[in-house]
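Written out below as structure tokens is the structure these notes cover.
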Amino acid sequence: MAGSILLTLFLFTRKYKNMPLSSISLNQRKPLPWVNWIGNVYHGLPEDHLSLGDGCGKYLAFLGRISPEKRVDRAIEIAVKTQHAAKGCREG
């Protein structure tokens with residue numbers, strides 16, 4: 001889980017111990033076992049929404065929120081090293 005989100009949740013859940021919360025992944029719950037988790041809401045695209053290509057594409061795609069923990073810099077580095085154009089798509 002991203003450091004800034006974890007710290008925010010840690011502080012929030014220590015103050016509001018009985019507040020019912022839902023997670024965005026089951027993994028998000030691991031460092032916060034005392035939280036009153038009442039559900040899990042998966043986000044993103046369904047697994048069958050996009051099909052895996054054959055690898056012959058001319059670009060590398062980065063889908064997601066642009067933030068330090070998502071490492072878009074790494075995606076750009078990989079695109080440059082493999083001589084692919086980089087395309088991005090952000091939320092919102």
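Annotations for the structure displayed:
- The peptide list 7-16, 23-32, put in order of mean Cβ contacts within 10 Å with the highest first, becomes 23-32, 7-16.
- TYR16/HIS84 FRET efficiency (R0 41 Å; Cβ-Cβ; nearest 0.05): 0.35
- Computed label-point distance, nm, for sites TRP37 and HIS49 using a 7 Å Cα→Cβ extension: 2.3 nm
- Taking the Cα centre of the chain as origin and assigning +1 to Lys and Arg Cβ atoms and -1 to Asp and Glu Cβ atoms, the resulting dipole is close to 440 debye.
- (1) 16.0; (2) 12.7; (3) 14.7, with the label sought being that of the calculated Kirkwood radius over Cα pairs in Å: (1)
- Count, lysine Cα pairs under 25 Å in the chain, 8 or more residues apart or across chains: 8
- With the charge dipole of the chain set up from +1 on Lys and Arg Cβ and -1 on Asp and Glu Cβ about the Cα centre, the Cα lying farthest toward the positive end among the listed residues TRP34, ILE24, LEU63 is that of TRP34.
- Restriction of the GluC sites (Glu not before Pro) in the stretch 1-85 to DSSP coil positions whose beta-carbon has at most 14 other beta-carbons within 10 angstrom yields GLU47.
Values in this text are rule-based calculations from the coordinates and carry no lab data. Predicted, not measured: the structure shown is a model, and the values here were computed from it. Here the Cβ is made from the backbone with ideal geometry for all residues, glycine too, and neighbour counts use every protein chain on show.
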